[in-house]
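Worksheet for the structure shown next.
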Amino acid sequence: MASLNVGHLGEYLREQRRNAQLSLRQLAEAAGVSNPYLSQIERGLRKPSAEILQQLAKALRISAETLYVQAGILDERDRDSASIHTAILTDPTINERQKQVLLQIYESFRKENGVAAQDGEGDAGGT
């Protein structure tokens, strides 16, 4: 996992906010955080939790994974996996138990293939 890069994240958030043509106050309200707290995040003085990043991403209409990568919470190479997790968790057509089972199966396949690749057996082939 990459190290937390608070300053870079703040710059990125400010840029995204400006691109969305939102004031600091408007974004803070849309994300459910205080104006001073958001200001501190943008200036690199505070490191937000993954939950706050998710709220900010939703308000900015960007993927939470993008902010996780910017914050160093998620490595770039883990981004696709996180997108899959998000897609499963937000699918309204399956229930919570089904979501958890599907995530467990997915992770078990990733672990199995990761160990195989490390052992020099390559990937599992396929589609």
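Looking for whichever is of a type in the set (Gly, Ala, Ser), within 18 Å of residue 62 (Cα to Cα) and modelled with pLDDT under 95 here; the options are 50, 2, 31. Which one fits? Reasoning before the result, please.
On the way: 2 fails: within 18 Å of residue 62 (Cα to Cα); 31 fails: modelled with pLDDT under 95.
The unique qualifying residue is 50.
So residue 41 fits all but one of (1) assigned to a helix (DSSP H, G or I); (2) under 11 Å from the mean Cα position of the chain (by Cα); (3) in the same structural domain as residue 10 (by TED's automatic domain parsing); (4) surrounded by 14 or more Cβ atoms within 10 Å (Cβ to Cβ); what number is the exception?
(2)
Based on this model, can you work out whether residue 40 counts as at pLDDT 85 or above, in contact with a Gly (Cβ under 6 Å, 6 or more places away or on another chain) and under 19 Å from residue 8 (Cα atoms)? Full working, then the answer.
Values: at pLDDT 85 or above: yes; in contact with a Gly (Cβ under 6 Å, 6 or more places away or on another chain): no; under 19 Å from residue 8 (Cα atoms): yes.
Criteria not met by residue 40.
So which residues in segment 56-97 are part of a helix (DSSP H, G or I), modelled with pLDDT of 90 or more and surrounded by fewer than 18 Cβ atoms within 10 Å (Cβ to Cβ), if there are any at all? If you could, list the steps in order and put the result at the bottom.
Start the filter on segment 56-97 by keeping residues that are part of a helix (DSSP H, G or I), which leaves 56-60, 64-71, 76-90, 96-97.
In the following step, the residues that additionally are modelled with pLDDT of 90 or more were identified as 56-60.
Of everything in segment 56-97, just one residue is part of a helix (DSSP H, G or I), modelled with pLDDT of 90 or more and surrounded by fewer than 18 Cβ atoms within 10 Å (Cβ to Cβ), namely 58.
The values are calculated or read from the model by the stated rules, or taken from the named source; none is laboratory data. Because the structure is a prediction, the values reported are computed rather than measured. A quick note on method: Cβ atoms are made from the backbone with ideal geometry, for glycine too, and the neighbour counts reach across all protein chains shown.
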